[in-house]
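**Student:** For reference, the structure I am asking about is given below.
The values are calculated or read from the model by the stated rules, or taken from the named source; none is laboratory data. Note that the coordinates shown come from a computational prediction; the quantities given were computed from them, not determined experimentally. Positions of Cβ are generated from backbone atoms using ideal geometry, with glycine treated the same way; all protein chains shown enter the neighbour counts.
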Amino acid sequence: MPCPVCNQRKAKRACPALNQQICAVCCGTKRLVEINCPPDCGYLSTSRSHPPAVVQRQQEMDRAIMLPLMQGLSERQARVFLMLAALTSRHQSEGLQKLVDDDIAQAAGALASTLETSARGIVYEHQPTSVAASRLMAELKTMVAEVVKNAGSALERDAAIALRRIEHGAKTMAAYPAAGTDPGRGASELQHLFARVLTPPPGTEKPETPADPASSIIIP
């Protein structure tokens, strides 16, 4: 019996989502992409427990880049960092203005400079040069303002530190292709990394991440 998905290979696996047999190739490549697999699917559970070697290598590379960015941060600073990184991962580009790593560096750096200037008693809003960076900075600024409103102005310093880490990560990804960037893709590799690390797998319960500033920031 041919696979009903590809109509090419022999159907050998029972698919609980489609209630019929499909081939192993379609099961592996279309899982959670074109096929809405239930969480209790045995093949889905096995793939998560034992990911392919290429996935494991990607995870190791992601950790090698992510961990140094968070090294030395206090718990509160780390929470702010993850919150802003998650927002960056969800940012949607508009039209032809694709977000690249330099845009992230500009947005994070400009907002960090604004917060640092404010801490010295000077009101001055630093601006990035690209349109894409300005859009991202506006989103980051809104989130920081919400955090400060809920948790106090002391969070501005922590936000500035977290933004400097994001700026550093974006500059590193843009400057060193060997670190994991692919200049030909025309999009931000740091944004892709944040999305891979911070987005829960489909079908799993979303953890309590820093998406909610009011509940995620702990004031000692």
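**Student:** Test E167 against the criterion of being at pLDDT below 70 and charged (D, E, K, R), and give yes or no.
**Tutor:** Judged against the criteria, E167 is not a match.
**Student:** Let me ask something else. Any residue that is of a type in the set (V, I, T), under 19 Å from the mean Cα position of the chain (by Cα) and farther than 30 Å from A151 by Cβ - is there at least one of those in segment 55-71?
**Tutor:** Among the residues of segment 55-71, at least one is of a type in the set (V, I, T), under 19 Å from the mean Cα position of the chain (by Cα) and farther than 30 Å from A151 by Cβ, which makes the answer yes.
**Student:** Could you please tell me which pairs satisfy a Cβ distance under 7 Å, a separation of 6+ or placement on different chains, a first residue in segment 99-121 that is more than 16 Å from V148 (Cα to Cα) and modelled with pLDDT of 95 or more, and a second residue that is assigned to a helix (DSSP H, G or I) and hydroxyl-bearing (S, T, Y)?
**Tutor:** Qualifying pairs under 7 Å: I104/T88.
**Student:** Which members of segment 100-126 meet the condition of being part of a loop (DSSP other than H, G, I, E, B) and farther than 18 Å from R165 by Cα?
**Tutor:** Within segment 100-126, R120, G121, I122, V123, Y124, E125 meet the criteria.
**Student:** What's the total number of residues in segment 170-194 that are modelled with pLDDT under 55 and touching a Ser or Thr at 6+ places or on another chain (Cβ under 8 Å)?
**Tutor:** 1
**Student:** Moving on to the next point. Would you be able to say whether some residue in segment 67-74 is more than 30 Å from H168 (Cα to Cα) and of a type outside the set (S, T, N, Q)?
**Tutor:** No, because not a single residue in segment 67-74 is more than 30 Å from H168 (Cα to Cα) and of a type outside the set (S, T, N, Q).
**Student:** I would also like to ask the following. Only one of Q77, Q97 is under 18 Å from the mean Cα position of the chain (by Cα) and either closer than 18 Å to E189 by Cα or in the same structural domain as I166 (by TED's automatic domain parsing) (or both); which?
**Tutor:** From the options Q77, Q97, the qualifying one is Q77.
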